[in-house]
Amino acid sequence: MTRAVLALLVLAAGCAPERVEYRYRNPLSDRAKDEVDHTLPDGTRIVYRDRPAEAAGRFGSSEVAASPEQPPVQGVGANDGSDPALELRIEHPDGTIELRAFTPAQVIAHLQNAIRNREYPPFYAQMLTKDARKEWDARGGEPAFAAWMDEQRSAVMEFLNRTSYGMFSSDVITRATGPKSIELQLTPHLHGQFRFEAIEFERQQGGMRLRALR
């Protein structure tokens, strides 16, 4: 009888479902490229996935898409302001538009939307760093910024699309340039294929802002 009970226990343990925890990679982490799938000592399998592209008004879904046999798992990262459920674009009843960004990818998405729809005032007022806006103010302010973006429209969009696509690959180098600043740069083998090679960001006022495009 004892052996039979033990055999049943072993069989039950062998049939226990595998615990899988899905996590989004953090674009701001210097360890982002090292966040690879692994198994914890307790047997939990950690699976990392890149965040989905931003959609208008909301940054992806609040859940990490699981495999068909696994239930959806809530996304992680709320503590660093990267919760995908956060509203990134809010259209207020009075017609004003409020933009939010906590990662470089979100700033890029806002800039792409501004260029695509020629909706520059909200981006200019809210998504540029203080220094960048000061420099543009000296060159004519938002109208000058809008005119330059329209003039460089194709080149800027090509660069932004390539940077977004390769953000977690070897085609884009991500490096901290200061305690609150970060730069995304195309690798040398892509230089010459695009008019722009790097984009700089800085964390200000609780969010990520665009510092420069070069």
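Miscellaneous remarks
- Relative contact order %, segment 99-213, counting alpha carbon pairs below 8 Å whose residues are six or more apart: 29
- Using a Förster distance of 25 Å, the FRET efficiency for Asp171-Ala212 (Cβ separation, nearest 0.05): 0.80
- Ascending count of other beta-carbon atoms within 10 Å, so fewest first, for Ile199, Ile173: Ile173, Ile199
- Neighbour counts of other Cβ atoms within 10 Å put Phe168, Phe123 in the fewest-to-most order Phe168, Phe123.
- Convex hull volume of segment 99-213 per residue (C-alpha atoms, cubic angstrom): 97
Bear in mind that the values in this text are calculations on the coordinates, not laboratory data. Being a predicted model, the structure only gives us computed values, none of them experimental. Virtual Cβ from ideal backbone geometry, glycine too; neighbours counted across all protein chains shown.
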